[in-house]
Each structure stands twice: as C-alpha cells, then as structure tokens.
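Since the structure comes first, as structure tokens, the remarks are kept for the end.
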Amino acid sequence: MADAADVLELARAGDGDAFRRLTEPYRRELQLHCYRILGSLQDAEDVLQETLLAAWRGLDGFEGRASVRTWLYRIATNCCLNALRAGDRRRQREGTRSPLEVPLPEPTRHRAGPSWWEPYPDTLLADLPDRAPGPEARYETREAVSLAFLTGLQQLPPRQRAVLVLRDVMGFRAAEVAGMLDTTENAVTNALKRARAALAAELPGPDRERAPLPGSARERRVVEAFARAFEAGDVDAILALLTDDVWLTMPPLDMEYQGHAAVGHFLRSVVLSAGRSYVLLPVRANGQPAFGFYRRDRGSAIVHAHGVLLLTLSGDRVAAITRFVDNGLLPQFGLSRSLRE
C-alpha cells in the first residue's frame, strides 16, 4: 500500500484517484469550516468544490512545509473570504426565498440587514472524522455550530470571522493562521481579540440556563409538547413553554420579536391566523431540535413546505424560535417540499 509521500507524488503526476485519497479524509471537516465562515451549507459546498479545484491546480506548489490538512485549510479559508467579498451567491438566491403572505406586525427590533445564515443538518455532524481540534481551541465542535454561536459569528467582519474560527474552533496556532492569511502574528492576535469581544456581546449571558442534553428525555418532553401545541394551534400552550425573554426570528428577514406579548401577537395575527394549521416533522440542526415546517391546505390531503423551524432550549423552556423561510433547505434534511397526509 502506497504511503502518504507516494500518494502525493502520484497526485502531482496527474492521478485523480491519488488526489482524492489525499484530500477525501478532510472533505467533511472542510465543508463544516466553510459553513461556519459563510453561514450557508449551499455556499459551503460550492466553496469546497472551488477549494478542491484550486488544490488540484496548485499541487505542484505544495512544498510540504505544512501538513496537507493545514494547506487545504489555507486554501478553503481564502476561498471563503473571496466569496464573502463577492457576495454574489446570496444576492442571486434572494429572489428564491419563500415570501410571507400577510403583513407582519411591528417587530421588537430590526437587525442591521438580512441574516443569511442557514441551518446545518446534524446528520452531517455525525459523519465528521474523529479528529480533535488543536490544543488552543476554545469551543467544542457542536458548540461551534449552535444557533447562538453562528448568529454571533455572522456579525463579525469576514477576516475576524476567519481568524476566530481558525484559532478558537480549529485550534490552529497564531503562526499557522498568519501563514494561511498572509499576515503577521500580531495582526492575527489583534483581530482575534476584537472578534472575541464582539462575539461575547452576542452570546447568551452566564445566567442563561443550559439546554438539556441532546436526545435526553428532558429535551424530548419540551420538544414534543411544543409540537403538540403548535399543531393544535394552541397559542397559550405554546407561550407556556417559552422563556419570558424568548426571541422569534425569521432569517433572512431582519425583523425580530421578543417576549410573550410580541411572540404571542405574531403567532395569533400571522402564523396561526385564519385557521392556518401545520405539520411539524422532527429533525435536528446545529446540535438543536428542529422541524420540517409544513402548512395544511384546506380541502386537500397535501401539506406544503414552509421552511425549517429550529428551537433553542434553556432548561425546560424554549428560549428562541428561528424559522428559516427558504423551502430549498428541506432536501438537506431528507425532506420533500410536500407531503400527503
């Protein structure tokens, strides 16, 4: 069996199978890395393909001073930064988002602009190789895909975002990150300091009760009760399951609603108004409970997709409801755009 050096030489000689053997062990973690920076699985997969193509074309320039893994992370990170600068993918997809059909009430607040991040199916996390992050990592893998982390990360400037992910999530050393970004260690340290401060302001406070363990009986009780109440259209029962300061958001829309009064009014006047009813199919995203969200049509046995609903739990309550209004996300969870009851 050829060793790593032999595989590298075969790949340099134009052997496509050897190149796949060289890069395939890192494919899934590179996709997740791109997702963290870009906030979109679709964009991450596109940029991963660009990364592998750039690596194939630039293989002769790989001198072996860093590992193949570090070299691929350098290429992937810079491809992500180029994609963020271009911004074309998200603008092109803006017209494909599912429109909301009724006027929306005045929100508690508006974000500075659209929130383009999208959910990441937990089934893809299960396929990650068992590879521990570097010794300087500050976040565990699942923590670093949580809704709170991703939402905060998307508020950072692109370069700070990349530095924080490389240093605090992947655990690369400052010198390695400086080499990846063609900058100095001092610049990396300063960018990381600013990114940590900004992210800390976005994350839940220390008084926020921890979420139940994924898949635990405690989590199931909350999630199943929420689904029953929602499918029954019982707004009071839904509100009884929410924290007092609950947030309701609908990426990519910039409108956000906080608290029982605002969320209850939104549910009664928009989501569950005029006899609307829904079917919720349980899935998992970003390490959290979620649902494929389908709306019934009167007089029809067909229910149609209305996006993905993701819950953030705090103790025995729901602290945030995030509805992604893009129906194109459902196939990523193995769900169809319509169902027959």
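Please verify whether Leu38 is in contact (Cβ under 8 Å) with a residue 12 or more places away in the chain and surrounded by 22 or more Cβ atoms within 10 Å (Cβ to Cβ), treating the condition exactly as stated. Judged against the criteria, Leu38 is a match.
Candidates Pro99, Pro103, Pro133: the one that is at pLDDT below 75 and of a type outside the set (Ser, Thr, Tyr) is Pro99. Are any of the residues in the stretch 272-291 of a type in the set (Lys, Arg), surrounded by 15 or more Cβ atoms within 10 Å (Cβ to Cβ) and within 25 Å of Val145 (Cα to Cα)? Yes, the stretch 272-291 contains a residue that is of a type in the set (Lys, Arg), surrounded by 15 or more Cβ atoms within 10 Å (Cβ to Cβ) and within 25 Å of Val145 (Cα to Cα). Exactly one residue out of Pro129, Pro133 is assigned to a loop (DSSP other than H, G, I, E, B) and in contact (Cβ under 8 Å) with a residue 40 or more places away in the chain: that is Pro129. When Phe172, Phe230, Phe149 are checked against the criterion of being over 26 Å from Tyr35 (Cβ atoms) and of a type in the set (Phe, Trp, Tyr), Phe230 stands alone in meeting it. Condition first: modelled with pLDDT under 90 and either exposed (fewer than 14 other Cβ atoms within 10 Å of the Cβ) or closer than 28 Å to Ile321 by Cβ (or both). Can you find one or more residues in the stretch 180-189 that meet it? There is no residue in the stretch 180-189 that is modelled with pLDDT under 90 and either exposed (fewer than 14 other Cβ atoms within 10 Å of the Cβ) or closer than 28 Å to Ile321 by Cβ (or both).
Scanning the stretch 142-180 for residues that are touching a residue at least 12 places away in the same chain (Cβ under 8 Å) and within 24 Å of Thr249 (Cα to Cα) yields a count of 17. Restricting Arg210, Arg196, Arg220 to those that are part of a helix (DSSP H, G or I), more than 15 Å from Val283 (Cα to Cα) and basic (Lys, Arg) reduces the list to Arg196.
Quick grid of which residues meet (1) modelled with pLDDT under 90; (2) closer than 19 Å to Ile37 by Cβ; (3) exposed (fewer than 13 other Cβ atoms within 10 Å of the Cβ):
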| position | (1), (2), (3) |
| --- | --- |
| Arg142 | yes, yes, no |
| Gln154 | yes, yes, no |
| Ala162 | no, yes, no |
| Val165 | no, yes, no |
| Glu176 | no, yes, no |
| Pro214 | yes, no, no |
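The values are calculated or read from the model by the stated rules, or taken from the named source; none is laboratory data. Everything numeric in this text was worked out from a predicted model, so none of it was measured. FYI the Cβ positions are ideal-geometry reconstructions off the backbone, even for glycines, and counts take in every protein chain you see.
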